[in-house]
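For reference, the structure discussed in these notes is given below.
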Ligand SMILES: [Zn+2]
């Protein structure tokens, strides 16, 4: 393996720099003005020229399903969404009919995500009494297989309803099989017992010392009540900072004063909100949440599955959609998007993990608006995606890994 890579002429903050990446540690070495990085002359050092491409931190997709998409499969026509139970049954039937394993399909989606510059994901994996923890077991192996290039947080997700499908026992199996987060879905709409459903999630959280991430589509003040109880239970369990509510459409359906009051409770309980930035329905008021100090993250959620044929796994595009939806056109607004979709600052620092991408853009706000293709994607210092990796861009970079070796 290469010991170091020097990437020359990388645009950072309007200037050009040379980045040195230490391969053994996967971290940045020196970051110096362009032309000042001195090659060691060693044969196991590689020198690349970014020729003014912009540095961006790698993307973190905080809500995605590795086990329920149809990527790489023949097109499967969807049915209209009439009732939730009907849709749940349709999904079960569609997934059961797929000829490929969960692991095979997870590899396909991870490959797509890496190509777009995503190096960390939180994935919700189905658990129910029929499939047991079999999906979780396969994804735990995938987590290990991709450890060097992709950080994967696994949420055990009782898609059919935690109480509705009597999934508590199998959720325990799933937690033992490698999930780090307890999931849940619609304590009112599916489980029809808001408090009992939430309490069951937090009982699992306590038993396995796990974080909690709830799928919540329950609307308006019903949803607000649910989130408020979720925040209370987070504090009571001492889990502040380790819990999140995904979707939370209700925060965009109630009057602004009501969502602001709940935002203040979320801030004080340190509960995060995770959004897939829907454009077909109300969504949380992200600008209000940020103004109140709530942590907000974005994710792709469904990509070509039984629920939706849309999505391409490009989280930079999803961030751009959020900024456009909220009318964020000034630089300060555009820049505030990056903490929602990345884990790093906009400037690399020596010693930090070298997860980054290079794009053709003048600055990060331009990149968010224009969504340029990824010229190069590095994870832990290794070139793993983008045009350089595909071999159609700058010709000096040869792939270090292939699908077979990761
Ligand atoms: Zn989801």
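We did not get these values from a lab; they are worked out from the coordinates using the rules stated. These numbers were taken from a predicted model, which means no experiment stands behind them. FYI the Cβ positions are ideal-geometry reconstructions off the backbone, even for glycines, and counts take in every protein chain you see.
Distance between the C-alpha centers of segment 259-282 and segment 44-93? Whole Å please. Measuring centre to centre over Cα atoms gives 23 Å. Residues in segment 308-325 near a label at residue 87, defined as backbone nitrogen under 18 Å from the 7 Å Cα→Cβ point? Flagged as within label range: 308-312.
Write down the percent of antiparallel bridges among all DSSP beta bridges whose residues are both part of the chain, to the nearest 5. Given both bridge residues lie in the chain, the antiparallel proportion sits at roughly 40 percent. The residues 318, 353, when put in order of fewest to most other Cβ atoms within 10 Å, stand as 353, 318.
The modelled label-to-label distance for the pair residue 166/residue 222, using points 7 Å beyond Cα in the direction of Cβ, is 2.5 nm.
In the chain, the calculated helix contribution to ellipticity at 222 nm averages -9500 deg cm²/dmol per residue, counting -39,500 (n - 2.57) for every DSSP H run with n ≥ 4.
Using a Gaussian network model of the chain in which every pair of alpha carbons under 10 angstrom is joined by a spring, one finds that among 234, 342, 118 the greatest mean-square fluctuation is at 234.
Among 286, 130, 212, the largest mean-square fluctuation in a Gaussian network model of the chain, built with springs joining Cα atoms closer than 10 Å, belongs to 130.
In terms of the Cα gyration tensor, with a ≥ b ≥ c the square roots of its eigenvalues, is segment 59-339 rounded because a/c is under 1.5, prolate because a/b exceeds b/c, or oblate? Rounded is the answer for segment 59-339, as its axis ratio a/c remains below 1.5.
Annotation for segment 119-178 versus segment 179-211: alpha-carbon center distance of 14 Å.
Using a/c under 1.5 as the rounded threshold, could you call segment 37-125 rounded, prolate or oblate? The axes a ≥ b ≥ c are square roots of the C-alpha gyration tensor eigenvalues, and prolate needs a/b larger than b/c, oblate otherwise. Since a/c reaches 1.5 and a/b is larger than b/c, the shape of segment 37-125 is classed as prolate.
State, as an integer percentage, the relative contact order of segment 211-263 based on alpha-carbon contacts under 8 Å between residues 6 or more apart. Rounded, it is 53 percent for segment 211-263. Build a GNM of the chain with springs between Cα atoms under 10 Å apart, and of 97, 140, 349 the one that fluctuates most is 97.
For the chain, the longest principal axis of the Cα atoms and the long axis of helix 134-145 meet at an angle of about 20 degrees. With a ≥ b ≥ c the root eigenvalues of the C-alpha gyration tensor of segment 70-184, is it rounded (a/c under 1.5), prolate (a/b larger than b/c) or oblate? In terms of gyration-tensor shape, oblate.
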